[in-house]
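Working notes, beginning with the structure itself.
The values are calculated or read from the model by the stated rules, or taken from the named source; none is laboratory data. Only a predicted model underlies this, so the values are computations on that prediction, with no experimental measurement involved. Positions of Cβ are generated from backbone atoms using ideal geometry, with glycine treated the same way; all protein chains shown enter the neighbour counts. Quick note on the areas: whole protein, heavy atoms, side chains included, nothing else; ligands and nucleic acids left out. Shrake-Rupley method; radii C 1.70, N 1.55, O 1.52, S 1.80 Å.
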Amino acid sequence: MHIAVINGPNLNLLGVREPERYGTSTLAQIEAALRDRARALGVQQVSWFQSNHEGALVDAVQGLAGAADGALVNAAAYTHTSVALRDAFLAVRVPFVEVHLTNVWAREEVRHRSLLADLALGVVAGFGADSYLLGLEALVGRLRRA
Ligand code: DQA
């Protein structure tokens with residue numbers, strides 16, 4: 001099984017970016033924890049991607065077709081704005097779980113809308129770095145039952 005993880009803008013700054021909100025784990029630490037959990041779950045391959053650029057994220061989603069069995073996606077601010085990312089997920093139809101470190105519905109109204117959530121298997125939000133691990137477990141469980 002190959003799981004791809006796609007991270008959007010400003011997530012490269014985790015650890016220093018608003019730590020009171022996003023926690024002190026860096027994206028590299030989240031990646032390491034996720035790779036450990038994936039190994040424990042028997043996932044053969046994890047690919048990890050982060051970009052601050054919408055087009056690069058669209059390219060990454062297009063690249064999932066035929067390559068990944070499923071994806072974990074934290075599109076960060078593009079979650080709330082990107083029709084292009086939504087269209088890319090509609091095109092590739094790879095099963096994915098949307099994840100967020102924070103509970104976006106407990107924040108400003110602009111973050112309450114996701115252009116991806118209705119396309120996702122489900123959404124995990126509000127558990128900090130654990131959102132990634134919970135999302136991985138849910139995704140792998142669902143793919144194994146499929
Ligand atoms: C985020 C929530 C988004 O609203 C925000 O723009 C982010 C991070 C999260 O993981 O909580 O950059 O996706």
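Quick look at the values:
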{"item": "Matching option when the condition is more than 21 Å from Thr81 (Cα to Cα) and either among the charged types (D, E, K, R) or modelled with pLDDT of 95 or more (or both), among Leu34, Leu13, Leu57", "result": "Leu34"}
{"item": "Where Asn74 falls short, out of the listed (1) open to solvent by 80 Å² or more (accessible area, probe 1.4 Å); (2) touching a helix residue (DSSP H, G or I) at 6+ places or on another chain (Cβ under 7 Å)", "result": "(1)"}
{"item": "Of all residues making up region 60-71, the number that are buried (at least 17 other Cβ atoms within 10 Å of the Cβ) and either within 16 Å of the ligand (Cβ to nearest atom) or part of a helix (DSSP H, G or I) (or both)", "result": "3"}
{"item": "Region 1-25 - residue that is within 24 Å of Val43 (Cβ to Cβ) and open to solvent by 50 Å² or more (accessible area, probe 1.4 Å) and, of those, farthest from the ligand (Cβ to nearest atom)", "result": "Met1"}
{"item": "Condition broken by Phe127, with the remaining ones in (1) assigned to a loop (DSSP other than H, G, I, E, B); (2) more than 23 Å from Arg21 (Cβ to Cβ); (3) of a type in the set (Phe, Trp, Tyr) satisfied", "result": "(2)"}
{"item": "Qualifying residue in region 112-121 (condition: closer than 22 Å to Glu20 by Cα and buried (at least 16 other Cβ atoms within 10 Å of the Cβ))", "result": "no"}
{"item": "Region 123-138 residues that are in contact (Cβ under 8 Å) with a residue 24 or more places away in the chain and open to solvent by less than 60 Å² (accessible area, probe 1.4 Å), paired with ones that are away from the ligand (no atom under 12 Å from the Cβ) and charged (D, E, K, R) (beta carbon under 6 Å, 6 or more apart)", "result": "Leu133/Arg37; Leu136/Arg37"}
{"item": "Single residue of Arg107, Arg86 found to be within 11 Å of the ligand (Cβ to nearest atom), among the basic types (Lys, Arg) and more than 11 Å from the chain's Cα centre (by Cα)", "result": "Arg107"}
